[in-house]
Amino acid sequence: MSDSPLFSERLNRRAFIGASALGAASMALSACTTTEVVTPPPAAAPPPDTAFGDTASMYAARTDEGFQLPAIPVAKLDPKFVRQIVADPTGEKPGTIVVDVSEHFLYLVRDGGKAIRYGVSLGKAGFGWTGSAVVQARKKWPVWTPPPEMIQRRPELAKFKDGMPPGPQSPLGARALYLFRNGKDTMYRLHGTPEWESIGKNASSGCVRFMNQDIIDLYSRVNGPAQVFVRPNLSAAGKIMAVASRTAEPIDAGVPRDAEFLK
């Protein structure tokens, strides 16, 4: 019986039907399980941040607003006073400016628990101050006018009583941020200086000095009123001590008429 042609024909037909059904099932299963793989586009690179980068490039010679700024000899700089991104040690909200007098650092607090740290020069003996203020105005390449108290102490400055023209040798440098308290000018400034070697030292009349390339960077980031805290240190005790101890001598007689007032 198994050798009959009829049986063989039936067996071959069953095998064909079975194979066809198995193939169809496999195709159907394949159709259900196949998914299209979509490769997501690469994430956009974050915009460059001028606080980062090669130190020599950050402090290179440059032309700014028509003035020629000389390069800072970075080989002579203490690396800790180079502008850099650090973990925020202040605990303040983004946009706040905190000066740590003990370390000669100024922090601009950013989002994400970070801050930009700048090296600064502060008041020499008898001209230190701590406390709070608000950046209320700013000016590129400001005219410097020594106040009467400074002229009395240094008579050679009398020739500038009506103002010293702006330029790389101006005591206010490339930018000035004017500090106010209760709506009134404190006469204290965050400003540039041609005396880059004073950074990290107590050498000013009480204002906060920056290398010109650094004050240009800070200026570009402060586009509205900014709270400023000047503290003897960043400890909890230092925060309490910095309520209102102000002995600095004003460096500037007033805010220029053409300064930009921040709102």
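Annotations
- Set K159/K263; K76/K139; K80/K124 screened for pairs whose C-alpha atoms are more than 24 Å apart: K159/K263; K76/K139
- Residues in segment 165-173 carry Karplus couplings, in order, of x, x, x, x, 9, 5, x, 8, x Hz; the curve used is 6.51 cos²θ - 1.76 cosθ + 1.60 with θ = phi - 60°, and Gly or Pro positions show x.
- When only alpha carbons of segment 110-260 are considered, Rg and Dmax amount to 14.9, 49 Å.
- Take the Cβ atoms of M241 and K114, set R0 to 22 Å, and the FRET efficiency comes out at 0.25.
- In segment 75-159 the Cα-Cα distances spread across 5 Å bins starting at 0 as 3, 11, 15, 17, 19, 15, 10, 6, 3, 1 percent of all pairs.
- Summarising the amide proton neighbourhood of V99: residues at separation of 5 or more, or on other chains, whose placed amide H is nearer than 5 Å comprise Y107, F229, V230, R231.
- Label-to-label distance, K201 versus R62, with points set 7 angstrom from Cα along the beta-carbon direction: 2.5 nm.
- Principal axis analysis of the Cα atoms in segment 109-199 yields extents of 49, 30, 28 Å, listed in decreasing size.
- Length available on full extension from R181 to K140: 0.36 nm per residue minus the Cα-Cα distance, which gives 12.6 nm.
Rule-based calculations on the coordinates, nothing more; no lab input. On a predicted model such as this, the values are computed, not experimentally measured, just so you know. No Cβ is skipped: glycine too gets one built from the backbone with ideal geometry, and neighbour counts run over all protein chains shown.
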